[in-house]
Amino acid sequence: MRFLLTILLLLLCLPCGFADEAASPAPENPPAEVKKEDAAEEELISPVGAMVRSAVFPGWGQIYSRRYFRSGLIVLGLGGSAVGALLAERSFRQRYNAYATLANLEPDNEEGVLASYEYANQRYKLRMFFLYAGVGIWLYSVIDSYVSANFYNAATEIRSIQQDAEQVEKKLGIQVGASPSHLYLGIVKTF
């Protein structure tokens, strides 16, 4: 169990997508205009890449999509379902062994054997619930990482378009705006 927790912590501490930026040397003195544009532009992320990351390790795709809170919830949910399944498995094995022992030692005690079997069966169902919950969380993680990456890309594109529009407005001296009821265009020139 400690080994799995160690691997989990190592995977969470790995940088996601920042290795390429750290490996490439930065130019010594870039022009001021390039600095502003590069700082304002954000790179788009691959939805398929986010989905594959979540398929490998649930929650990793959310980290890649900059959804850190969701990633934590997914890791906690998956960890909780794994712990629940392990505890239910242990209880199931104990109850099943008690049932088998009772069935071998007292085959005439049908009521006691059936009650012991039913108790073991309840533990089995609980174990299967936790296993299915873990699979459901994993599938949710894969689908959510794909959707989150697309939302991140859309928000990034919107910010980029807004910044481009602001630059055009400054250069041409016009104002463009929109409200729910109307669209306006104004020319602003100072003489």
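The values are calculated or read from the model by the stated rules, or taken from the named source; none is laboratory data. Quick caveat: nothing in here was measured; it's all calculated off a predicted structure. Cβ coordinates were reconstructed from backbone atoms using ideal geometry, including for glycine residues, and neighbour counts include every protein chain displayed. Surface areas here come from the heavy atoms of the whole protein model, side chains and all, with no ligands, DNA or RNA. Shrake-Rupley method; radii C 1.70, N 1.55, O 1.52, S 1.80 Å.
Here is how the numbers come out for the structure above:
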quantity	calculated
Lone unmet requirement of (1) of a type in the set (Val, Ile, Thr); (2) open to solvent by 40 Å² or more (accessible area, probe 1.4 Å); (3) over 30 Å from Arg67 (Cβ atoms) for Val113	(2)
Residue list for the stretch 44-59, filter: open to solvent by 30 Å² or more (accessible area, probe 1.4 Å), touching a residue at least 24 places away in the same chain (Cβ under 8 Å) and not aromatic (Phe, Trp, Tyr)	Leu44, Ser46, Val48, Met51, Arg53, Ala55
Identity of the residue in the stretch 135-150, open to solvent by less than 80 Å² (accessible area, probe 1.4 Å) and among the β-branched types (Val, Ile, Thr), that ends up nearest to the chain's Cα centre (by Cα)	Val142
Subset of the stretch 60-78 [in a helix (DSSP H, G or I), touching a residue at least 24 places away in the same chain (Cβ under 8 Å) and either among the small types (Gly, Ala, Ser) or surrounded by fewer than 17 Cβ atoms within 10 Å (Cβ to Cβ) (or both)]	Gly61, Gly77
Ala26 being at pLDDT below 85, part of a loop (DSSP other than H, G, I, E, B), open to solvent by less than 90 Å² (accessible area, probe 1.4 Å) and not acidic (Asp, Glu)	yes
Residue among Arg159, Arg127 that alone is in a helix (DSSP H, G or I), charged (D, E, K, R), touching a Gly at 6+ places or on another chain (Cβ under 9 Å) and in contact (Cβ under 8 Å) with a residue 12 or more places away in the chain	Arg127
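Results for (1) open to solvent by 100 Å² or more (accessible area, probe 1.4 Å); (2) within 26 Å of the chain's Cα centre (by Cα), shown as yes or no for each residue.
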{"position": "Glu89", "(1), (2)": "no, no"}
{"position": "Gln94", "(1), (2)": "yes, no"}
{"position": "Glu106", "(1), (2)": "no, no"}
{"position": "Ala133", "(1), (2)": "no, yes"}
{"position": "Tyr152", "(1), (2)": "no, yes"}
{"position": "Gly177", "(1), (2)": "no, no"}
